Amino acid sequence: MVAATHGPLAGLRIIELDMPGSVLFAGMLLADLGCDVIRIRRPGSEGSALAAALYRGRSEVSLDLSQAAGREQALSLIAEADGVIEGYRPGVAEQVGLDPARCLALNPRLVYARTSGWGREGPLAGTPGNDINHLALSGALHAIGPAAAPVPPLNLIGEYAGGSLFLALGLVSAILAAQATGRGQVIEAAQVDGTASMMSLYYALHASGRWSDVRAANMVDGGAPYYRCYACADGRHVAVGALDPQAFRALCTGLGIAAEKFDQFDRSCWPALTEEFAAAFASRGRDEWAALFEGGEGCVSPVLSLTEAPLHPHNRARGTFAASGGAMQPMPAPRFSATPAGILPAAEESVAEVLARWGAS
């Protein structure tokens with residue numbers, strides 16, 4: 001049993017219909033925050049070691065949803081739950097008899113939260129696609145990377161932010177509404193919608209003429225010489241984020257460059273300034289520059305690898321990472337003063353054990 005007694009969402013009961021991607025990460029976030037998440041997985045699909053960290057904090061129930069007995073057991077859990085998270089292709093939940101209409105008829109206060117790449121309406125609904133495809137149609141992918149070609153930002157923006165985070169926020173919001181009204185509802189978190197929402201600032205800037213629709217030509221897309229990464233003498237990199245004039249002056253001082261030679265916001269100066277910054281950073285190793293700028297106003301940080309990041313003194317002091325289950329993992333975020341979140345290992349339970357723990361008849 002892994003029922004959480006910690007976190008701000010302790011006591012909420014969530015059924016996770018096991019799927020990789022957005023549902024898997026959303027289930028981890030909800031469990032980290034205290035939800036009692038029951039992950040229903042197919043028999044024999046224990047999951048890979050690569051995803052083991054994302055399974056943390058949930059009870060796992062093995063059910064064959066293609067069989068009537070498995071579906072009935074799943075519905076017995078859904079009848080006692082506050083929410084369901086589901087990421088099947090359109091029509092699959094209906095085929096196995098776990099569609100929103102049936103679930104809400106059984107449990108009218110239920111929140112049924114669905115996620116997908118394209119959503120369930122529109123010409124592309126139900127067609128194949130992955131994170132990079134959803135980013136492409138939102139406008140976000142076009143804006144990321146060097147001028148030569150867009151660069152996929154892992155699956156962080158589309159699948160996890162546009163999908164998982166919007167799914168979790170929508171679920172909790174709808175549960176609050178259900179607690180007030182007694183009425184549940186169906187919510188949909190499409191990756192293309194969530195990603196487009198996160199691009200609101202850049203669409204507004206573009207509409208006002210303050211954002212060029214060209215990569216690496218703007219203030220925070222790598223175009224500005226004071227907001228980008230530079231290679232150092234040892235082949236590693238530093239990240240520079242000296243956006244305001246005070247930070248810009250501190251950056252130039254640390255690099256031995258006369259700040260008064262350049263108008264920071266005059267784009268015609270950017271090519272020459274980029275060359276000077278690149279030459280300066282190439283003269284020393286990454287850690288030398290990190291030490292020189294540490295604690296100052298120049299906004300220069302070392303670009304750390306996955307191995308290095310958990311060892312950085314700041315991350316160690318905050319406990320941002322910790323070894324759990326034999327591997328280094330990021331710890332729950334955000335942080336709560338009165339109801340701290342935490343992590344628990346995954347555990348196997350039977351449907352009967354879950355229902356008994358929930359006090360169901």
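Structural remarks
- Close pairs from the range 106-134: first within 30 Å of Arg13 (Cα to Cα), partner in a loop (DSSP other than H, G, I, E, B) and among the aromatic types (Phe, Trp, Tyr), Cβ under 6 Å, at least 6 apart: Ala125/Trp118
- Checklist (1) at pLDDT below 95; (2) crowded, with 24+ Cβ neighbours inside 10 Å applied to Tyr112, failing item: (1)
- Pairs, first more than 15 Å from Glu288 (Cα to Cα) and touching a residue at least 24 places away in the same chain (Cβ under 8 Å) in the range 224-245, second of a type in the set (S, T, N, Q) and open to solvent by less than 70 Å² (accessible area, probe 1.4 Å), C-beta under 6 Å, six or more apart: Pro225/Thr274
- Restricting the range 285-315 to residues that are over 24 Å from Met331 (Cβ atoms) and among the small types (Gly, Ala, Ser), the residue that is surrounded by the fewest Cβ atoms within 10 Å (Cβ to Cβ): Gly295
- Pairing each residue of the range 152-172 that is at pLDDT 95 or above with any residue that is open to solvent by 70 Å² or more (accessible area, probe 1.4 Å), provided the two are 6+ apart or on different chains, yields C-beta distances under 6 Å for Pro152/Ile132.
- The residue that is most open to solvent (accessible area, probe 1.4 Å), counting only those in the range 255-279 that are within 18 Å of Asp244 (Cα to Cα) and assigned to a loop (DSSP other than H, G, I, E, B), is Phe265.
- Flag for Asp32 being out of contact with any helix residue (DSSP H, G or I) (no Cβ under 8 Å at 6 or more places or on another chain), over 21 Å from Ser361 (Cβ atoms), open to solvent by less than 20 Å² (accessible area, probe 1.4 Å) and acidic (Asp, Glu): yes
- Count of the range 221-247 residues, restricted to those that are outside any strand (DSSP E or B), of a type in the set (A, V, I, L, M, F, W, C) and within 31 Å of the chain's Cα centre (by Cα), is 5.
- Matching residues in the range 140-154 - criterion: being crowded, with 16+ Cβ neighbours inside 10 Å, in a loop (DSSP other than H, G, I, E, B) and over 18 Å from the mean Cα position of the chain (by Cα): Gly145, Pro150
The values are calculated or read from the model by the stated rules, or taken from the named source; none is laboratory data. Only a predicted model underlies this, so the values are computations on that prediction, with no experimental measurement involved. Here the Cβ is made from the backbone with ideal geometry for all residues, glycine too, and neighbour counts use every protein chain on show. Note: areas computed on protein heavy atoms with side chains; ligands, DNA, RNA excluded. Shrake-Rupley method; radii C 1.70, N 1.55, O 1.52, S 1.80 Å.
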